[in-house]
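J.: Mind having a look at this structure? Questions to follow.
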Amino acid sequence: MTIVTEMAPLAVVDDLADSQEHWNNWPNAKGFDPEYEQRTPVELAVTGRIPAYAAGTLYRTGPGKSQVETEEGQTFHISHWFDGFSQTHRFQIIDSGESESTRVLYNSRFATDELVEYVRKTGSLARLGFGQKRDPCKSVFNKVQSEFEPPSGPSGSNVGVTLSVNMPGLDVQPEDESTERWGSAKGIRTLYAKTDYNKFKKLDPETLEPIGLASQESLHPELTGPLAASHARSDPKTGDMFNFNLELGQTCTYRVFGVSAATGKTTILATFPGTPAYLHSLLITEDYVLLCVWNSHVNPLALENNSFMDSILPTDPSQPATWYVVDRKNGNGLVATYQSPAFFCFHTINSWQEPSKEDPTKTDIVADLVRMDNTEFISSLYYDNLISSRSSAKEFAAKRGDALRSTITRFRLPGLPSSPSSDILNATVEWSSCKSFSPELPTMNPAFVTEKHRYAYATTFRGEATLTDGIMKFDCETQETRLWAHHGHSPGEAIFVADPAGVSEDDGVLLSVVLDGLAGNSYLLCLDAHDLTELGRASIKGVVGFGFHGQHVPIVGLPTGDY
């Protein structure tokens, strides 16, 4: 069942805002190459109301500019959305008292000034990146490029997929301060941007200026492999953070590790060989880390001289996905291995433990994630396929098929062994839903991480636009879906902010940065998480680029955390 909570009528593009023709009259081109940067905080005009309990700081990060005018008079184009020059955004939501509306301040900063300057001078990226295509005219710049060293400083590294606040192990504090990661008196001490490469970028939490670089090796000397998950996971109760490191070689090795928020100490929980793969996220339960090597296998040799995209092998449906269950509390290492039919995933949602359906004396692990049949979706994210005014995007959208659609899928890993076992067990699919919505960028109430949740939220890729075209709420119990959609308005990830006085899982609001393609500017949208009705918005006098992920840190209460 689907309930549409808002659907505006078709609108005509304002010629003053954008005179180009766009796929389905849904303009989004400005969101892929924003010029707007606001280094000094400015107050935004708020219409409606953003609840006082949402007061705090919302960070967003992702691609900003995608084009650079070179000294040779040519335009350098980024090919793939994942390679756009990163930009970070900060919204300060301020409780002004019961009689006034919540105030919102906004500032932003481009995070790769040194890299952009290198491109301006050389007409080339220092490295190919995730999906950057080789420039057939690159030989023109070879001599110029040889005269400049690739940038190595913080603003020379394009790191900007996810964000971590007060990251354990890197959040060094004075000895007389508590090492608790979160809490109303702790504030925002450090802010790091992360990516799927083993590199962290430190940002000033207020100015957003890039001020340092680190890696997983800074956490533990054995974490030297090049690949990791952008989406580390944190325990909402302790703040402890979990991730993996993938070392490439003749034998590829996974190291699953945890970092204590209380001590800053990193512990390698398990080390095991496995098929190398592009794994953007992972899962945790109360007692385990769950690493699924789904079917985005990579050829390590292809990584040496090619983009990361070129190293990803075609999905082989005959090869199962492999699930590794690692003990995160008692030092038992890798305790179980499961296999399921082949699939691909960018973003997991949540996992938890519960008594086994077949034998209540045993434990099952249940995992919800956004599932795709193969990796074709990655290839669809080239700018030529996304920018609504390009003929290539219109052609791509017109023939876009079900192969690119995703579902919310529930897996069950039954009968977890009571002691470590080398047996290969079978994981099963309990249900898949929402294919007509093609959900992505899923979120949930962070307090329910590692517990059975009922509601998940996501942006939709229904095919109405060349990128996102709505925000959905999915009820995992009833399979009911609600949709917020407004023609010509392209939303970003919807971050859940809980009402501290709430009693239900969905007591709270969703915060999403939306591009109004018809007017040519962006706004911060606040939706009631119950029914997706709009409560308020804060309008920006500029365009916020289509980003990936964010963090909300409330004045009081639980932040988004690593997800």
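Bear in mind that the values in this text are calculations on the coordinates, not laboratory data. Keep in mind that what you see is a predicted model, and the values were worked out from it rather than measured. FYI the Cβ positions are ideal-geometry reconstructions off the backbone, even for glycines, and counts take in every protein chain you see.
J.: For the stretch 2-554, just say rounded, prolate or oblate: build the C-alpha gyration tensor, square-root its eigenvalues into a ≥ b ≥ c, call rounded for a/c under 1.5, and beyond that prolate if a/b exceeds b/c, oblate if not.
T.: Taking the square roots of the gyration eigenvalues as a ≥ b ≥ c, the stretch 2-554 is rounded.
J.: Calculate for the chain the 222 nm mean residue ellipticity that helices alone would give, adding -39,500 (n - 2.57) per DSSP H run of length 4 or more and normalising by residue count, nearest 500 deg cm²/dmol.
T.: That calculation yields -1500 deg cm²/dmol at 222 nm.
J.: Continuing with the same structure: If I model a spin label at K435 and R462 as a point 7 Å from the Cα along the Cα→Cβ vector, what separation in nanometres do I get?
T.: Here the answer is 1.8 nm between the modelled labels.
J.: Next question, about the same structure. Let's test the formula: R0 of 25 Å, r as the Cβ-Cβ distance of Q20 and S539. What FRET efficiency results, to the nearest 0.05?
T.: 0.60
J.: What's the extension gain from A398 to A262 if we count 0.36 nm per residue and subtract their Cα-Cα distance?
T.: The A398-A262 span can extend by a further 43.7 nm.
J.: Dipole magnitude of the chain about its Cα centre, charges +1 at Lys/Arg Cβ and -1 at Asp/Glu Cβ only, in debye to the nearest 20?
T.: Charge dipole of the chain: 660 debye, to the nearest 20.
J.: Between T224 and E451, what is the label-point separation in nm under the 7 Å Cα-to-beta-carbon projection?
T.: 4.3
J.: Please arrange T224, T75, T271 by counting, for each residue, the other beta carbons lying within 10 Å of its beta carbon, fewest first.
T.: Ranking T224, T75, T271 by Cβ neighbours within 10 Å, fewest first, gives T75, T224, T271.
J.: I've got another one for you. How much length, in nm to one decimal, is gained on full extension between Q479 and R39, taken as 0.36 nm per residue of separation minus their Cα-Cα distance?
T.: So the extension gain works out to 154.0 nm.
J.: Stretched out fully, how many nm does the piece from T428 to R127 gain, at 0.36 nm a residue minus the Cα gap?
T.: Using 0.36 nm per residue and subtracting the Cα-Cα distance, I get 104.3 nm.
J.: Shifting gears a bit: Step through the residues of the stretch 378-393 one at a time and calculate ³J(HN,Hα) from phi using the Karplus curve (6.51 cos²θ - 1.76 cosθ + 1.60, θ = phi - 60°), rounding each to whole Hz and writing x for Gly and Pro.
T.: These are the phi-based 3J(HN,Hα) values: 4, 5, 6, 9, 6, 4, 4, 9, 10, 6, 4, 8, 7, 4, 5, 5 Hz.
J.: Would you mind computing, in nm to one decimal, how far apart the modelled labels at V556 and R189 are, each placed 7 Å from Cα along Cα→Cβ?
T.: Going from the V556 label point to the R189 one covers 2.3 nm.
J.: Once Lys and Arg get +1 and Asp and Glu get -1 on their Cβ, which of P168, S379, G48 lies farthest toward the positive end of the dipole of the stretch 2-554?
T.: The Cα lying farthest towards the positive end belongs to S379.
J.: Arranged by the count of other C-beta atoms within 10 angstrom, fewest first, what order do K329, K452 take?
T.: With the sparsest Cβ surroundings first, the list reads K329, K452.
J.: Amide H of G542 versus every other amide H placed in the peptide plane: which residues, excluding those fewer than 5 positions away on the same chain, fall under 5 Å?
T.: Answer set, sorted by chain and number: S522.
J.: What is the order of V503, V293, V449, fewest Cβ neighbours within 10 Å to most?
T.: V503, V293, V449
J.: Also, I was wondering about something else. Which is farthest toward the positive dipole end of the chain among N305, Q551, G415, measuring Cα position about the Cα centre, with Cβ charges +1 (Lys, Arg) and -1 (Asp, Glu)?
T.: Highest projection toward the positive end goes to N305.
J.: Tabulate in residue order the Karplus-calculated ³J(HN,Hα) for the stretch 355-360, using 6.51 cos²θ - 1.76 cosθ + 1.60 with θ = phi - 60°, rounded to whole Hz; enter x for Gly and Pro.
T.: Computed from phi, the couplings for the stretch 355-360 are x, 4, 5, 7, 9, x Hz.
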